[in-house]
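The block underneath contains the structure these notes are about, expressed in structure tokens.
The values are calculated or read from the model by the stated rules, or taken from the named source; none is laboratory data. Model, not experiment: these values are computed from the prediction. We place every Cβ from the backbone using ideal geometry, glycine too, and count neighbours over all the protein chains shown.
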Amino acid sequence: MAPLSGITVLDLTHVLAGPFCSHTLQDLGARVIKVERPGVGDDTRAFPPFVEGQSAYFATLNAGKQSITLDLKAADDRAIFERLLARADVVLENYRPGVMDRLGYGFDALHKTHPRLVYGAVSGFGHTGPEAGKPAYDMVVQARGGVMSITGEEGGPPVRVGASIGDIVAGMYLAQGVLAALYGRERTGRGAKVDVAMLDSQLAIQEHAIAIASATGKAPGRTGARHPTITPFSTYRAADGFFVIAAGNDDMFARVCAALPLPLADDPRFATNAARCDNHAMLKRLIEAVTLGNTVAHWIGVLEGAGLPTARVQDMGQVLRDPQILARNMVVAVAPNGDGPGFTAPGNPIKLSTLPEITSRAGAPLLDGDRAAVLRWLDAG
């Protein structure tokens with residue numbers, strides 16, 4: 001039995017942070033019912049790329065969920081929603097703070113009528129503070145939370161992280177909070193509100209940047225692929241592409257020097273990690289003077305043979321064919337929904353001994369495509 005078997009999640013969220021959370025809960029066994037806007041649905045249904053008119057982006061995040069459209073301002077649809085609330089364990093929303101309260105479905109109201117319900121909310125700035133009502137997207141919180149200030153090449157402009165970590169990290173923290181609230185409910189019998197801000201989540205993941213700024217009084221800048229406090233810990237050029245060396249201590253650096261080979265292990269400019277960080281540009285030039293002489297595959301073999309952490313810098317096409325990733329069931333097929341197209345999506349990265357591996361996913365829901373099934377479930381209860 002999956003850990004969240006029997007748990008029902010009403011997912012009012014759209015785009016990424018909330019759907020990423022419900023996607024995680026579903027992978028752990030929960031049933032997820034997407035409550036979407038009539039006629040429009042989740043915004044990502046309109047996001048390219050499309051296959052036969054259906055969004056691959058939407059399918060990746062929402063495969064296997066159910067969809068029902070409800071207008072929460074219409075009396076008949078509110079009646080259906082209230083029946084769903086009576087059967088649900090979790091409700092998720094990512095509206096601006098106050099919207100659910102005005103609809104009559106904020107946490108305070110629901111906690112009175114459904115005290116066991118776990119209420120998960122994700123928003124740009126959270127439900128408290130002077131700017132709680134402001135809108136936000138991923139780029140907004142990456143900028144304001146400091147991530148963009150440390151992303152990009154030294155001397156270059158700030159750069160957004162390629163993955164939407166403003167949304168994704170918030171979705172991860174929301175899932176953690178919901179799981180904690182469900183565990184707490186087992187002991188107290190009462191649900192709780194989980195309030196996750198995308199901006200808060202950006203701060204929470206910047207361990208080295210906070211340490212540098214608070215300890216030195218100087219904000220760290222952009223360092224490209226290089227780690228600001230460990231050297232060598234960066235990308236390096238080979239004759240046919242890029243690979244990474246990640247030598248996290250002096251012993252590893254000595255093994256790098258022996259493997260390449262480079263007579264630098266006892267050089268006072270590089271003998272300690274602090275010295276290597278001070279002289280990182282010179283060390284990179286010396287390493288690349290050697291590595292440019294052979295291929296990525298050659299250097300991966302040399303460094304792995306020495307027991308050192310290394311990897312080719314792969315594009316996503318290569319990632320989807322990577323034998324280790326495939327062996328872990330991290331690339332799975334999304335089944336067609338009816339006569340629609342199939343898609344490809346990530347598998348479940350949470351490997352539990354009690355949870356069967358996900359080797360494929362059910363189809364992404366058509367807008368309001370599960371109304372009849374959801375209503376039959378309500379009637380049966």
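At least 3 residues that are modelled with pLDDT of 95 or more and touching a Leu at 6+ places or on another chain (Cβ under 9 Å) in each: list the helices (runs of 4 or more DSSP H) lying fully within the range 185-278 that qualify. Can you show your working first?
Details: elements: 198-204, 207-216, 250-259, 273-278.
Output list reads 250-259.
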Tell me, please, whether a residue that is of a type in the set (Val, Ile, Thr) and within 23 Å of Arg190 (Cβ to Cβ) can be found in the range 29-46. yes
With the first residue restricted to the range 241-258 and required to be touching a residue at least 60 places away in the same chain (Cβ under 8 Å), and the second required to be basic (Lys, Arg), Cβ contacts under 6 Å at 6 or more apart or on different chains are Phe243/Arg312
When restricted to Ala238, Ala192, the only residue within 30 Å of Phe107 (Cα to Cα) and surrounded by 13 or more Cβ atoms within 10 Å (Cβ to Cβ) is Ala192
Flagged in the range 279-298 as more than 28 Å from Gly162 (Cα to Cα) and assigned to a loop (DSSP other than H, G, I, E, B), in numbering order, are Asn279, Gly293, Asn294
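Quick one: which of Ala345, Ala364 is among the small types (Gly, Ala, Ser), over 30 Å from Phe242 (Cα atoms) and touching a residue at least 40 places away in the same chain (Cβ under 8 Å)? Walk me through it before giving the result.
Values: Ala345 fails: over 30 Å from Phe242 (Cα atoms).
One residue alone meets the criteria, Ala364.
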Selection from the range 293-309 of residues closer than 14 Å to Gly241 by Cβ and hydrophobic (A, V, I, L, M, F, W, C) yields Val296, Ala297, Trp299, Ile300
Of the residues in the range 201-249, those that are farther than 23 Å from Phe270 by Cα and aliphatic (A, V, I, L, M) number 10
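Taking the condition of being under 28 Å from Asp315 (Cα atoms) and out of contact with any Leu (no Cβ under 8 Å at 6 or more places or on another chain), how many residues in the range 148-184 meet it?
The initial filter retains those residues of the range 148-184 that are under 28 Å from Asp315 (Cα atoms), namely 148-173.
With out of contact with any Leu (no Cβ under 8 Å at 6 or more places or on another chain) added as a condition, the list becomes 148-163, 165-166, 169-170, 172-173.
Residues flagged as under 28 Å from Asp315 (Cα atoms) and out of contact with any Leu (no Cβ under 8 Å at 6 or more places or on another chain) within the range 148-184 amount to 22.
Filter the range 210-240 down to the residues that are within 18 Å of Pro158 (Cα to Cα), of a type in the set (A, V, I, L, M, F, W, C) and touching a Ser or Thr at 6+ places or on another chain (Cβ under 8 Å) and list them by number. Give the steps one after another, and end with the answer.
Quick first cut of the range 210-240, residues within 18 Å of Pro158 (Cα to Cα) only: 210, 213, 218-228.
Subsequent filtering for residues that are of a type in the set (A, V, I, L, M, F, W, C) retains 210, 213, 219, 225.
Across the range 210-240, the qualifying residues are Ala219, Ala225.
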ask   = Quick check: anything in the range 41-48 among the β-branched types (Val, Ile, Thr) and under 30 Å from Val331 (Cβ atoms)?
value = yes
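So which strands (runs of 3 or more DSSP E) stay within the range 299-381 end to end and still have 1 or more residues that are in the same structural domain as Ala259 (by TED's automatic domain parsing)? First the steps, then the outcome.
Details: elements: 310-312, 331-334, 343-346.
Hits in the range 299-381: 310-312.
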**Prompt:** Looking at the range 261-282, is at least one residue in contact (Cβ under 8 Å) with a residue 40 or more places away in the chain, in contact with a helix residue (DSSP H, G or I) (Cβ under 6 Å, 6 or more places away or on another chain) and within 24 Å of Ala239 (Cβ to Cβ)?
**Reply:** no
Of the residues in the range 180-206, those that are touching a residue at least 24 places away in the same chain (Cβ under 8 Å) and among the hydrophobic types (A, V, I, L, M, F, W, C) come to Ala181, Leu182, Ala192, Val194, Val196, Ala197, Met198, Leu199, Leu203, Ala204, Ile205
Matching residues in the range 212-235 (surrounded by 14 or more Cβ atoms within 10 Å (Cβ to Cβ) and among the basic types (Lys, Arg)) number 2
